[in-house]
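Please read the structure below before turning to the comments.
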There are 2 protein chains.
Amino acid sequence: MAQTSASQKKTSPKKKKTAGKKKALPVSPLAPTEFPEMPEVSGLEIATASTGERYKGRKDLLVAHMPAGTTVAGAFTQSSTASGAVEWCRSNVLSGSPRARVLVVNAGNANAFTGRRGSEAIKAIADGVNDIHGYPKSQIFMSSTGVIGEPLKAAKIVAKLDAKPAKASQARWRDAAEAIRTTDTFAKGCARVAKIEDSEVRIGGIAKGSGMIAPDLATMLAFVFTDAKLPSSVLQALLAVGIRDSFNQITVDSDTSTSDTVLLFATGKCAPHAEITRAGDPRLKDFREKLQEVLEDLAKQIVRDGEGATKFITVRVSGASTARSAKAIALSIANSPLVKTAVAGEDANWGRIVMAVGKAGEPAERDKLQISFGPHLLAEKGQRVAGYDEALVSAYMKNPEIEICVDLGIGSQSAEIWTCDLTHGYISINADYRS
Amino acid sequence: MAQTSASQKKTSPKKKKTAGKKKALPVSPLAPTEFPEMPEVSGLEIATASTGERYKGRKDLLVAHMPAGTTVAGAFTQSSTASGAVEWCRSNVLSGSPRARVLVVNAGNANAFTGRRGSEAIKAIADGVNDIHGYPKSQIFMSSTGVIGEPLKAAKIVAKLDAKPAKASQARWRDAAEAIRTTDTFAKGCARVAKIEDSEVRIGGIAKGSGMIAPDLATMLAFVFTDAKLPSSVLQALLAVGIRDSFNQITVDSDTSTSDTVLLFATGKCAPHAEITRAGDPRLKDFREKLQEVLEDLAKQIVRDGEGATKFITVRVSGASTARSAKAIALSIANSPLVKTAVAGEDANWGRIVMAVGKAGEPAERDKLQISFGPHLLAEKGQRVAGYDEALVSAYMKNPEIEICVDLGIGSQSAEIWTCDLTHGYISINADYRS
């Protein structure tokens, strides 16, 4: 626990590094002050365990049980080298009427690019779940996160599949969020209570991810549970829209994982409400909004835990000719190492924004560009604004949250991307993560 | 001179940093041991001067004079926010039968995104050259490199346009290469002597660039002079092919400058040779090869001076379905922060190569991938090879030059990209370059 403590207290900067390769990472300065209050999603039962595999002395296995009839939707990495667990889940989600009884997540080994042995490990875990709990294989969901290319020792996971589940209490939620971490410096959770007609329904989500974050799909892992009673087709439609403005809107380092997964489960165990068959049903308005808040909050928490991050950056591009073009330019800015290092250095270097707009290969006219950092207009019509007060802008750059706004002045479309700065911390974490 | 000394000797690591913002950057550990011998390209005369503008106590202005009849070709940044000097040169190169009398290059201010005042500065410099030397404006070529968004003080440049030129001696070449540097830690030059029939022709080139480097166009600035007698149309064809396998094959940080420019000048003052009217003329074979060597060498020198670089990385992708796809995957690997930091950490983390192949969005099949680091095969058919000796590969990763080879196993097309690692040095240089 000491090595990767996710206690939300800031680690003292004076604290000595642990000897050897496994240094304690200090908690991100952008972390929320505490893990949120989480609701008891009816029907959900959580178990966690230590497999003793990669991480010693901490829980690294989540087994979340759900009642018969639980519906499910999923969104997965676009990577052409997707992991076996992603392929397993995708196949189950794509079945005619997907249902879920259990979610098994292990941290420390992604079981990606492990070939035939990787597939055998997945089969062994599914067999284990089926033997112990009797759930049909089509209702078993799995995620693995961690190092790529190392064969996963399924037996160590199977041995802990009987971990005793209990209702989704605050402590169990916290354990679940802790168990799925790898290089995360804090546990990520978010919850809302929504109304569907007079029925109160609970939505609780957890996520992990800090490096290898980029759209599509940006996530890493996120699992959202609700006790609303909704068919899988409705969940899938809600999730497709939901990730567009949350997980597909973040980038830490433009790298995309082989394991990115978002799953949304609905146990249907809330107080009865009307049967809903369409995602657009007006009675779902509050649920849609609250679900979106959960997805957005979890996505932002991943950026807040961006490896080495010291600044949360919102990039807004407006006045673009198309929405796709706006997003491409926003990503070009958000992924530019020169922009990210300038923000790290608290330098209002808007010349690098101009560069990043230019390199995006999208329609833009130099002499129509307008650039602001927060409330401060720096440049318009192709040049620096008259009376630009560098001292004011420099003071703004010291904030932990920075907004970079670019108006292209050639259309009406816009996009927003959330990212973080690029610091020595990123290099330190990634130059000796595996070896 | 002391602040950005380009002496090719390694700076002692114990040397104290200069106080304040302008620290001396240590010379790249990948720098050539010395500036090369350069030939006296007939007809070329070089002048350099100090404008006293941004860099104090060093030369920051190059004025290269060429005889009447000098032909010219150019290649420029694809950025939609290109600088005024790029637009000026592009317009001159695109004129029916381009000729050049002079090249004026200033370092320290890119005169980019400076709007009307930027255009006025370019006009003022052109007027100054015309007044002092009488060259027609269509034969004046200009480049500016340095900070973006600051208005360029043309008068300081105009005041030095009369700097006394002299034949392209070794000392003058060296001065020229020094004068065009910004964050470069060493002066970059390369030369070859080629034969066109019995006539010996000289090719000499200089370049600058270390950050904001990415294809297309990858350069920064490169200027190549020859005394061969070749029409501009032949030069343009040679340059178009030449940059494809040199400057468009490098990336330091995926960022593209607003000022990237390659110019190729031919004075025609060598001993007479046959009239050549086609780039494919067999009599140009030796010239083509030597020109390519110069372009490739200058491009690699830019990577060797990549900001913070400690490793030169060659990424080779083979077995791709198309050449474009091979290049996209090679760039995805070369630009991945996770791959670049792994190399910096001397970590044979091939899982990150799998990730980078996967995220490229190009045809690839996990179970056909083959990955090698140098002579060491690490993975094939979707998994780690049996008997993989991590100690051997770890020893290989300590080399200053690393080869990453990926065979996709689905086609016959290939691509090669040159890049460098991502280190603390990059962050240090870019988090406080401007402020």
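Within segment B:141-153, residues that are more than 10 Å from every other protein chain (Cβ to nearest Cβ) reach partners that are among the charged types (D, E, K, R) and surrounded by 22 or more Cβ atoms within 10 Å (Cβ to Cβ) with beta carbons closer than 7 Å, at six or more positions or on different chains, in the pairs B:T145/B:K208. Residue count for segment B:170-190, restricted to those that are touching a residue at least 12 places away in the same chain (Cβ under 8 Å) and part of a helix (DSSP H, G or I): 9. When we screen A:I132, A:I180, A:I122 for residues that are of a type in the set (V, I, T) and surrounded by fewer than 16 Cβ atoms within 10 Å (Cβ to Cβ), the only hit is A:I132.
Restricting attention to segment B:345-367, the residues being in a helix (DSSP H, G or I) and either touching a Leu at 6+ places or on another chain (Cβ under 6 Å) or on the phi > 0 side of the Ramachandran plot (or both) number 2. Based on what the data block shows, is A:V406 within 20 Å of A:S332 (Cβ to Cβ) and either at pLDDT 95 or above or in contact with a strand residue (DSSP E or B) (Cβ under 8 Å, 6 or more places away or on another chain) (or both)? Here the answer is yes, as A:V406 does meet what is asked. Looking only at residues in segment B:363-381 that are modelled with pLDDT of 90 or more and at the interface with another protein chain (Cβ under 8 Å from one of its Cβ atoms), the one that is farthest from the chain's Cα centre (by Cα) is B:A379.
To keep it simple, each residue is scored yes or no on (1) under 20 Å from the mean Cα position of the chain (by Cα); (2) without any contact (Cβ under 8 Å) to a residue 24 or more places away in the chain.
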| site | (1), (2) |
| --- | --- |
| B:V72 | yes, no |
| B:Q78 | yes, no |
| B:C89 | yes, no |
| B:G96 | no, yes |
| B:F113 | no, no |
| B:R117 | no, no |
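Among the residues here, B:P98 qualifies as more than 14 Å from chain A (Cβ to nearest Cβ) and closer than 27 Å to B:A279 by Cα. Listed by first and then second residue, the pairs with beta-carbon distance under 6 Å, at least 6 apart or on different chains, first residue in segment B:278-300 and more than 14 Å from B:V201 (Cβ to Cβ), second of a type in the set (V, I, T) and at pLDDT below 95, are B:A279/B:V234; B:A299/B:I250. For segment A:67-95, a residue qualifies if it is away from chain B (no Cβ under 14 Å), closer than 20 Å to A:L161 by Cβ and among the aliphatic types (A, V, I, L, M), and the qualifying residues are A:A68, A:V72.
Mind checking which residues of segment B:101-140 are closer than 16 Å to B:M220 by Cβ and more than 14 Å from chain A (Cβ to nearest Cβ)? The answer is B:L103, B:V105, B:N106, B:A107. Restricting attention to segment A:381-405, the residues that are under 21 Å from A:K340 (Cβ atoms) and either of a type outside the set (A, V, I, L, M) or touching a residue at least 24 places away in the same chain (Cβ under 8 Å) (or both) total 13. Which of the residues belonging to segment A:38-50 are out of contact with any helix residue (DSSP H, G or I) (no Cβ under 7 Å at 6 or more places or on another chain), part of a strand (DSSP E or B) and not small (G, A, S)? The answer is A:E45, and nothing else. Elements of the type strands (runs of 3 or more DSSP E) sitting completely within segment B:51-168 and holding at least 3 residues that are at pLDDT 95 or above: these cover B:61-65, B:102-109, B:140-147.
Okay, residues lined up against (1) of a type in the set (F, W, Y); (2) at pLDDT below 90:
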| position | (1), (2) |
| --- | --- |
| B:Q383 | no, yes |
| B:Y388 | yes, yes |
| B:V393 | no, no |
| B:N399 | no, no |
| B:I402 | no, no |
| B:E416 | no, no |
| B:L422 | no, no |
| B:Y426 | yes, yes |
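Would you call B:A395 in the same structural domain as B:S336 (by TED's automatic domain parsing) and either assigned to a loop (DSSP other than H, G, I, E, B) or of a type outside the set (G, A, S) (or both)? Taking the combined requirement at face value, the residue does not satisfy it. Among the residues of segment B:164-176, not a single one is within 30 Å of A:G382 (Cα to Cα), among the small types (G, A, S), buried (at least 21 other Cβ atoms within 10 Å of the Cβ) and in contact with a Leu (Cβ under 8 Å, 6 or more places away or on another chain). The residues of segment B:368-392 that are part of a helix (DSSP H, G or I) and more than 23 Å from A:N111 (Cβ to Cβ), listed by number, are B:A391, B:L392.
For segment B:343-355: of the residues being more than 7 Å from every other protein chain (Cβ to nearest Cβ) and within 27 Å of the chain's Cα centre (by Cα), which is nearest to A:T423 (Cα to Cα)? Per the criteria, the residue is B:V343. With respect to the conditions (1) of a type in the set (S, T, Y); (2) under 23 Å from the mean Cα position of the chain (by Cα); (3) at the interface with chain A (Cβ under 9 Å from one of its Cβ atoms); (4) surrounded by fewer than 22 Cβ atoms within 10 Å (Cβ to Cβ), B:S414 lacks only one, and its number is (3).
Return yes when A:V303 is modelled with pLDDT under 90 and of a type in the set (V, I, T) and no when it is not. Judged against the criteria, A:V303 is a match. Quick one: count up the residues across segment A:330-342 that are within 21 Å of A:A320 (Cβ to Cβ), more than 8 Å from chain B (Cβ to nearest Cβ) and of a type outside the set (G, A, S). Count: 3. Going by the conditions given, is B:A309 touching a residue at least 40 places away in the same chain (Cβ under 8 Å) and over 30 Å from B:R192 (Cα atoms)? It is false that B:A309 is touching a residue at least 40 places away in the same chain (Cβ under 8 Å) and over 30 Å from B:R192 (Cα atoms). Scanning for something modelled with pLDDT of 90 or more, under 25 Å from B:S97 (Cα atoms), assigned by TED's automatic domain parsing to the domain that holds B:D260 and assigned to a loop (DSSP other than H, G, I, E, B), does segment B:206-228 turn up at least one residue? Yes, that holds for at least one residue.
The values are calculated or read from the model by the stated rules, or taken from the named source; none is laboratory data. The shown structure was predicted, so the numbers you read here are calculated from the model rather than taken from an experiment. For neighbour counting, all protein chains shown are included, and Cβ atoms are generated from backbone atoms with ideal geometry for every residue, glycine included.
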